Amino acid sequence: MIAWENSVIGRNTMTTRDKVFVVFMALNLFAAPQIVLTGSALCAEESISNSEFELLRSDIRTKKMTMIAERMEFSGKEADAFWPIYRQYEVELAAINDKRVALLKDYLRSHKTLDDAKAKEIAQGVFDVDQRTLDLRKKYFEEMSGAVSPKTAARFLQIERRIQQLVDVQIASQFPEIKNNTT
């Protein structure tokens, strides 16, 4: 176990179930239906139908909500105020993540023959997704701060970011680096 995983989701220890969930989420939540893991290499291949993928994605979102609920330790009143806002946040985040998935797929299709123009296009897409995600977090921090305390809203954002960082590390570890053309 990597040392930083010990407190990465807001507890002193990360359970085996949490680790499995994070890896599973990383490999499936943002992976498109056409992307499957084969050994340590990613390849394009039809693996599951779009409806099966959406069911999987829904299950992962449910597990993520459970993970957040366990760490947030809401009172009944806080939960009543928080969850409707969170569900709307997840709807908007899903639209951004669809763009992220499209970028991942585009990169996988083109990384071996990546030219400067395509690299710039993908980079601009990444900047757009990152900015949209940041804007969404700011928007919902303000909304959550009005419904629950700013400290509670900040705690949610901390947990959300930590989960996202773990997902990003897992995805990045599976994607090929851009090769230097001079070698």
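The values are calculated or read from the model by the stated rules, or taken from the named source; none is laboratory data. Computed from a predicted model, the values in this text were never measured in an experiment. Note: ideal-geometry Cβ built from the backbone for every residue, glycine included; neighbour counts use all protein chains shown.
A Cβ distance below 7 Å, combined with a sequence gap of six or more or placement on separate chains, defines the contacts here; from the stretch 85-104, residues that are of a type in the set (Val, Ile, Thr) reach residues that are outside any helix (DSSP H, G or I) in the pairs 101/30; 101/32. Taken over the stretch 124-183, the criterion of being of a type in the set (Lys, Arg) and not in a loop (DSSP other than H, G, I, E, B) is satisfied by 132, 137, 138, 139, 151, 155, 161, 162. For the stretch 158-169, the condition of being touching a helix residue (DSSP H, G or I) at 6+ places or on another chain (Cβ under 8 Å), surrounded by fewer than 16 Cβ atoms within 10 Å (Cβ to Cβ), of a type in the set (Asp, Glu) and within 27 Å of residue 81 (Cβ to Cβ) holds for none of the residues.
Taking each residue of the stretch 55-73 that is under 10 Å from residue 159 (Cα atoms) and looking for partners that are not in a helix (DSSP H, G or I) with beta-carbon atoms closer than 9 Å, six or more apart or interchain, yields 67/9; 71/9; 71/10; 71/11; 72/10.
Scanning the stretch 61-73 for residues being under 14 Å from residue 93 (Cα atoms) and not charged (D, E, K, R) gives a total of 1. Residues in the stretch 25-74 that are at pLDDT 80 or above, assigned to a loop (DSSP other than H, G, I, E, B) and surrounded by 12 or more Cβ atoms within 10 Å (Cβ to Cβ): 1 in all.
Residue 139 meets each of the listed conditions (1) surrounded by 14 or more Cβ atoms within 10 Å (Cβ to Cβ); (2) under 19 Å from residue 83 (Cα atoms) apart from (1).
Residue 131: free of Cβ contacts under 8 Å to residues at least 12 places away in the same chain and within 24 Å of residue 57 (Cβ to Cβ), yes or no? So residue 131 fits the description; yes.
Can you pull out every residue in the stretch 83-103 that is among the charged types (D, E, K, R) and buried (at least 17 other Cβ atoms within 10 Å of the Cβ)?
100
Against the list (1) within 29 Å of residue 55 (Cβ to Cβ); (2) exposed (fewer than 12 other Cβ atoms within 10 Å of the Cβ), the condition residue 113 fails is (1). Is it fair to say residue 103 is in contact with a helix residue (DSSP H, G or I) (Cβ under 7 Å, 6 or more places away or on another chain) and at pLDDT below 85? For residue 103, the condition - in contact with a helix residue (DSSP H, G or I) (Cβ under 7 Å, 6 or more places away or on another chain) and at pLDDT below 85 - is not met. Condition check: over 16 Å from residue 136 (Cβ atoms) and either out of contact with any Ser or Thr (no Cβ under 6 Å at 6 or more places or on another chain) or not in a helix (DSSP H, G or I) (or both). Does residue 103 satisfy that? Criteria met by residue 103.
Residue 142 passes every criterion in (1) under 15 Å from residue 68 (Cβ atoms); (2) out of contact with any Phe, Trp or Tyr (no Cβ under 8 Å at 6 or more places or on another chain); (3) free of Cβ contacts under 8 Å to residues at least 24 places away in the same chain apart from (1).
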